[in-house]
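Enquirer: Structure provided below as structure tokens; questions to follow.
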Amino acid sequence: MKKLLILLAIITITTSCEDFFSATKEIDLGEFDGQVTVVGRLVNTDLETVEDLNTLSNLGVLVSRSRSVVDTSNFPLLKNADVRLTGSDGLDVSLNYNDQTGYYLPGEPSTGEFERIVVKENTTYLLVVDIPGEDRVEAKCETKTFGNIKNINVIKEDIKDNSSVLDRLQIEVDDPAGENFYYLSVLYEFPDGRGNSYYNTGYLYSVNSLFDDSPELFTDELFDGKNEVLEFWSERYLNGVNQQGESIQPDNVIVFVWSLSKEEYEFRRSVEANYNAQDNPFAEPSIVFSNIENGVGVFSMSRIERFVIPWE
């Protein structure tokens, strides 16, 4: 107790009460400024049609600034960047800002001149973002050898109940040697009765133990370098009946097979883990994958193949 009283006396003598309780420390808020955020999860744009609206965001690059610790505004888009995509295959294309979408798109989208991009296997791609007065932001990604889809078969209504059915998808893939990454998505095309079409998503489930974790997103770890028939159930909900009282059937099943770069695979897995950890007090913290230098975000290149299977 005596030592404490002596210490308080020293503080009182050397520092006035006003200075002691109002002393401030200067902090450089520059270190808390928002970072440049780049999201460029690009795919090949040589597809004639893209029914899956989720892939539209994969046609361009989003450049923004993350919020700082003292900022409460929305993420501001950066519209004055110089964005360039190059590849070891000779690709060299500028991406220009489009006011309608907020994305940097290849070619001159304002004039309707959209440049098609073909994503090739065993290729290294570089995305460079130059913002006036700031350090260059860039990222690399490398594609692998793509698997070859030999055949897709649909066993209709493999399992059926009153509200939904499970169609069995059999996808024969000739997988090349080495680590490869895949993603699947399924759409059902229905007639709308007015000469147009609308689309419903098929929800995938595993048929065998190859894909216990995620049937949509997987590697070739268990069938590396083999010709394998992968089986999935695709759930679709019944869309009512026609005038004859029969269930309305789709015109086509559309299967999208993605060959992912490792960067895209890691990003999707990290997002999935982050989502699963929400509202779970026992889940381990999950950090979303980022491969952007001098910024945050993700850059990846993937190839999509589109297969249309008539329902008949």
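Please treat every number below as a calculation from the coordinates, not as lab data. Keep in mind the model is a prediction, meaning the values are calculated, not measured. Neighbour counts run over all protein chains shown; Cβ positions are idealised from the backbone, glycine included.
Enquirer: Whose amide H sits under 5 Å from the amide H of ILE292, counting only residues 5 or more places off or on another chain, with H placed in the peptide plane?
Expert: Long-range HN contacts for ILE292: GLY297.
Enquirer: Please give the peptides 128-136, 300-308 ranked by average Cβ packing (other Cβ atoms within 10 Å per residue), highest first, as a rough proxy for protection. All intermediate terms of the calculation are to be shown ahead of the outcome.
Expert: Values: 128-136: 13.6, 300-308: 19.7.
Going by the mean number of other Cβ atoms within 10 Å, highest first, we get 300-308, 128-136.
Enquirer: Related question: Tell me, what ³J(HN,Hα) does each residue in the range 219-233 have, in order and in whole Hz, if you take phi through Karplus 6.51 cos²θ - 1.76 cosθ + 1.60 with θ = phi - 60° and put x for Gly and Pro?
Expert: 10, 9, 3, 9, 9, 4, x, 10, 8, 9, 9, 8, 10, 9, 9
Enquirer: Below 9 angstrom from the Cβ of ASP220, what's the summed charge of the other residues (Lys, Arg +1; Asp, Glu -1)?
Expert: With Lys, Arg at +1 and Asp, Glu at -1, the neighbours total -4.
Enquirer: Is the C-alpha gyration tensor of the range 148-260 telling us rounded, prolate or oblate? Criteria: a/c under 1.5 is rounded; beyond that, a/b larger than b/c is prolate, otherwise oblate.
Expert: Working: a/c = 2.78, a/b = 2.10, b/c = 1.33.
Judged from the Cα gyration tensor, the range 148-260 comes out prolate (a/c at least 1.5, a/b above b/c).
Enquirer: Something else now. Over 28 Å between Cα atoms: which of LYS156/LYS262; LYS160/LYS262; LYS79/LYS144; LYS120/LYS150 fall into that group? Don't skip to the end; give the middle numbers.
Expert: Working: LYS156/LYS262 33 Å; LYS160/LYS262 37 Å; LYS79/LYS144 33 Å; LYS120/LYS150 19 Å.
Result: LYS156/LYS262; LYS160/LYS262; LYS79/LYS144 exceed 28 Å.
Enquirer: Only four residue types carry charge here, +1 at the Cβ of Lys and Arg and -1 at the Cβ of Asp and Glu. Report the dipole size of the range 74-139 about the Cα centre in Debye, rounded to the nearest 20. Write out the running numbers ahead of the final one.
Expert: On the way: 5 positive and 12 negative charges, 26 e Å.
Approximately 120 debye in magnitude.
Enquirer: Taking neighbour counts of Cβ atoms within 10 Å as a proxy for exposure, in what order, fewest first, do TRP311, TRP258, TRP233 appear?
Expert: Details: TRP311 14, TRP258 22, TRP233 19.
The fewest-first ordering by Cβ neighbours comes to TRP311, TRP233, TRP258.
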